[in-house]
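Report on one structure; see the data block that follows.
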């Protein structure tokens, strides 16, 4: 274990090691709902899709974080394996030369691998029907994060095509006082009543409300 850590924290694997830690933390945060992942209208970026260096590696076909995660992960694997091979080789290879060579291999193989892996992923995003934000207003959805607040929250909703999609939802800053926070807990049913164009999130209220609350003031 100590030898593995020594390799992972040496040059050049260390270039990718810290990035890999961030990638793992990012996707763990996505899984538990601490970060938002936009699923509605995940269309390609027209400027990237049109061409250029980044577009050639699929950055316009799938979310940027997906391709970057693949690139860092593959680059880390290549540099760790390359460094392990160099250290076990019987032939003397200058440390500077071998380190630079392995780093270049990691960058190149990581990019190529990301490009190859994003091809099937791109088809998944292309085949997904585009959902108009207005079509989801009035829809009942199920909260999937721990709760929904003014700043965070996600919920599942069924669109017009019958597909289940994950959307970013928020409570309204103008909702009536007296709404119990438990009505926004995980697995609770909420209804979309508006879309915030500025923050690009859906505003929701609980399906079941006390009869004395006037939602016309929201």
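The values are calculated or read from the model by the stated rules, or taken from the named source; none is laboratory data. Remember, predicted model here, so these are calculated numbers, not experimental data. Here the Cβ is made from the backbone with ideal geometry for all residues, glycine too, and neighbour counts use every protein chain on show.
Just the residues that are free of Cβ contacts under 8 Å to residues at least 60 places away in the same chain and not in a strand (DSSP E or B), please, taken from region 187-202. The answer is 187, 188, 197, 198, 199.
Considering region 95-106 alone, what residues qualify as being more than 20 Å from residue 3 (Cβ to Cβ) and either exposed (fewer than 13 other Cβ atoms within 10 Å of the Cβ) or without any contact (Cβ under 8 Å) to a residue 24 or more places away in the chain (or both)? Result: 96, 97, 101, 104.
Of all residues in region 154-167, none satisfies being modelled with pLDDT of 80 or more, loosely packed, with under 14 Cβ neighbours inside 10 Å and in contact with a helix residue (DSSP H, G or I) (Cβ under 9 Å, 6 or more places away or on another chain). Can you find, within region 107-136, the residue that is modelled with the highest pLDDT among those that are surrounded by 15 or more Cβ atoms within 10 Å (Cβ to Cβ) and not in a helix (DSSP H, G or I)? Going through the qualifying residues, I end up with 131.
Test of understanding: among 4, 18, 92, which residue is farther than 30 Å from residue 157 by Cα, surrounded by fewer than 18 Cβ atoms within 10 Å (Cβ to Cβ) and at pLDDT 90 or above? Spell out how you get there, then give the answer.
On the way: 4 fails: at pLDDT 90 or above; 92 fails: at pLDDT 90 or above.
Only one candidate qualifies: 18.
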